[in-house]
């Protein structure tokens, strides 16, 4: 078993990744070293089948090695794909709960510069803005922030519907609560 994690670390280092972080993420999710290694093997096999210049569609999630975020995730509004290549539909509140949604938004904001640098290599026009402006303008961030807004509105609507009608929280703005 320890030998499998050592191999995960080796594959991660070859891909320019932090093997310790990848292993920690796998442990947190209960993913075995064998499953992570299979992810690397599958991605290598798929890349060999198509070549560098003919990538698989974005939704062939296993074509990206574990630990690497496929930058094409930023150009669409339906999926978040985590570092273990698990797709999460943004609008699915069960698979993508509120806390996870907030964490992904925070992660993207904190990592904006790292993603921006990777994108500028392929799209020099991205360099026309700073990394935070750029990440905020991506299709993915728009979808994530839009979903967060929808959920907040939905939560607030649900909260106000359970309050009694005479509650000051549901009254008109000029209503003043009195204390007796």
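The values are calculated or read from the model by the stated rules, or taken from the named source; none is laboratory data. If you're wondering where the values come from, they're calculated on a predicted model, not measured in any experiment. Note that each Cβ is placed from the backbone with ideal geometry, even for glycine, and that neighbours are counted across all protein chains shown.
So which residues in segment 83-92 are more than 21 Å from residue 117 (Cβ to Cβ) and not in a strand (DSSP E or B)? Passing the criteria: 84, 85, 86, 90, 91, 92.
Of the residues 16, 51, only one is more than 18 Å from the chain's Cα centre (by Cα) and under 23 Å from residue 135 (Cβ atoms); which? Can you show your working first?
Details: 51 fails: under 23 Å from residue 135 (Cβ atoms).
Only one candidate qualifies: 16.
Tell me, yes or no, whether segment 93-101 has at least one residue that is in a helix (DSSP H, G or I), closer than 21 Å to residue 154 by Cα and within 10 Å of the chain's Cα centre (by Cα). For segment 93-101, residues in a helix (DSSP H, G or I), closer than 21 Å to residue 154 by Cα and within 10 Å of the chain's Cα centre (by Cα): present.
State the number of residues belonging to segment 83-106 that are in contact with a strand residue (DSSP E or B) (Cβ under 7 Å, 6 or more places away or on another chain) and within 17 Å of residue 22 (Cα to Cα).
Going through segment 83-106 one residue at a time, the tally reaches 2.
Residue 49 fulfils the conditions (1) at pLDDT 95 or above; (2) assigned to a helix (DSSP H, G or I) except for a single criterion, (1).
Out of all the residues in segment 21-32, is one or more under 20 Å from residue 117 (Cα atoms), under 20 Å from the mean Cα position of the chain (by Cα) and surrounded by fewer than 13 Cβ atoms within 10 Å (Cβ to Cβ)?
Initially, segment 21-32 is screened for residues under 20 Å from residue 117 (Cα atoms), giving none.
For segment 21-32, residues under 20 Å from residue 117 (Cα atoms), under 20 Å from the mean Cα position of the chain (by Cα) and surrounded by fewer than 13 Cβ atoms within 10 Å (Cβ to Cβ): absent.
Taking the criterion of being assigned to a helix (DSSP H, G or I) and over 19 Å from residue 107 (Cβ atoms), would at least one residue in segment 58-68 satisfy it? Lay out the reasoning, then the answer.
First, pick out the residues of segment 58-68 that are assigned to a helix (DSSP H, G or I): 61-63.
Filter once more, keeping what is over 19 Å from residue 107 (Cβ atoms): 62-63.
Yes: one or more hits.
Suppose the filter is exposed (fewer than 13 other Cβ atoms within 10 Å of the Cβ), assigned to a helix (DSSP H, G or I) and at pLDDT 95 or above; does residue 146 pass it? Write out each step before concluding.
On the way: exposed (fewer than 13 other Cβ atoms within 10 Å of the Cβ): no; assigned to a helix (DSSP H, G or I): yes; at pLDDT 95 or above: yes.
The answer is no for residue 146.
Taken over segment 68-81, the criterion of being at pLDDT 95 or above and closer than 20 Å to residue 11 by Cβ is satisfied by 81 alone.
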